[in-house]
1. What residue, of GLN209, GLN230, is more than 26 Å from ASP185 (Cβ to Cβ) and without any contact (Cβ under 8 Å) to a residue 24 or more places away in the chain?
2. Looking at TYR239, TYR151, TYR194, TYR189 in this structure, which one is surrounded by 12 or more Cβ atoms within 10 Å (Cβ to Cβ), part of a helix (DSSP H, G or I) and either modelled with pLDDT under 95 or hydroxyl-bearing (Ser, Thr, Tyr) (or both)?
3. Just one of the numbered conditions (1) small (Gly, Ala, Ser); (2) assigned by TED's automatic domain parsing to the domain that holds TYR239; (3) touching a Leu at 6+ places or on another chain (Cβ under 6 Å) is not true of SER207; which one?
4. Of all residues in the range 95-125, count the ones that are more than 18 Å from ASN139 (Cβ to Cβ), part of a loop (DSSP other than H, G, I, E, B) and within 25 Å of the chain's Cα centre (by Cα).
5. How about the range 169-186: which of its residues are polar (S, T, N, Q) and surrounded by 12 or more Cβ atoms within 10 Å (Cβ to Cβ)?
6. Which residue, of LEU50, LEU22, LEU55, is more than 19 Å from VAL180 (Cα to Cα), modelled with pLDDT of 95 or more and in the same structural domain as ALA264 (by TED's automatic domain parsing)?
7. Across the range 129-146, which residue is surrounded by the fewest Cβ atoms within 10 Å (Cβ to Cβ) among those that are assigned to a helix (DSSP H, G or I) and on the phi > 0 side of the Ramachandran plot?
8. So GLU64 clears everything in (1) modelled with pLDDT of 95 or more; (2) under 30 Å from LEU123 (Cβ atoms) except one condition, right? Which one?
Amino acid sequence: MIQPLSLTIEGSPRGSSLPPPLKWAGGKRWLAPHLLSLYEPHRHRRWVELFAGGLAAALALQPERALLNDINPHLINFYRWIQRGLEITLPLRYDKELYYAYRRRFNELIRQGLWETQEAAMLFYYLNRTGYNGLCRFNRKGEFNVPFGKYKKVTYQEDFSIYKELFQKWEFSSLDFRQVNLQPDDFVYADPPYDVEFTKYSPEGFSWQDQTDLAQLLARHPGPVVISNQATERILKLYKDLEYKLYLLPAPRRISCDGNRQKALEVLALRNL
């Protein structure tokens with residue numbers, strides 16, 4: 001049986017949540033109250049995210065121990081530099097000419113194998129804040145190719161010290177989700193790319209086989225599991241067949257169906273909770 005989700009909790013026992021430092025498509029800040037209600041009784045467990053993205057969930061929950069994984073190495077490099085006390089020294093301004101100059105320099109660092117440097121982290125932040133809709137997209141050569149964004153105003157941050165103490169408690173990795181070393185007691189949250197056409201998790205994309213592998217992998221995990229995804233028919237069937245407990249809730253976005261825009265539905269698939 002699929003039920004509407006009604007699990008909520010007011011506030012955070014860890015104080016005010018921190019805002020994500022990056023723009024990130026599909027961010028789960030809106031879902032954080034629901035995740036908090038599920039994680040709170042298990043706070044002694046390590047929080048593991050297989051698709052960390054913009055860190056909205058982790059920054060809202062503020063677990064004492066966390067493994068935050070994402071296959072995007074440039075994203076993880078940025079977070080690791082925050083752990084070290086990142087301060088941006090590059091000029092930051094909303095300027096089209098500067099944007100394309102910085103994009104060329106970022107791609108040059110990638111070609112030179114210098115993508116793990118502090119300069120690469122600073123450039124990644126600027127490109128994220130200034131590029132079109134905060135997209136993070138690379139061509140087949142591995143070059144960042146998001147065009148200049150059109151905004152009235154862009155706010156930049158130079159000092160990330162507010163994140164340093166929390167980030168130092170956490171571990172970051174950049175692996176395919178199948179390669180993440182899960183411990184039996186881990187509380188695992190997975191927010192994979194939605195089951196929609198043209199999804200790019202990696203240069204090879206995120207296929208239906210990936211969706212199936214993820215669901216099967218976490219169905220074998222002995223600890224608590226939460227997966228969020230778009231509630232397509234085949235996703236619901238996949239999770240139901242693997243005996244996940246399913247909850248539906250409206251997402252803060254709309255989809256177009258024959259010209260009529262309706263609220264998208266999200267599914268939370270739970271195990272061992």
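1. GLN209
2. TYR239
3. (3)
4. Count: 3.
5. SER173, SER174, GLN183
6. LEU22
7. So, considering only residues that are assigned to a helix (DSSP H, G or I) and on the phi > 0 side of the Ramachandran plot, the one surrounded by the fewest Cβ atoms within 10 Å (Cβ to Cβ) is ASN133.
8. (2)
The values are calculated or read from the model by the stated rules, or taken from the named source; none is laboratory data. Predicted model only: the values in this text are computed from it and were never measured. No Cβ is skipped: glycine too gets one built from the backbone with ideal geometry, and neighbour counts run over all protein chains shown.
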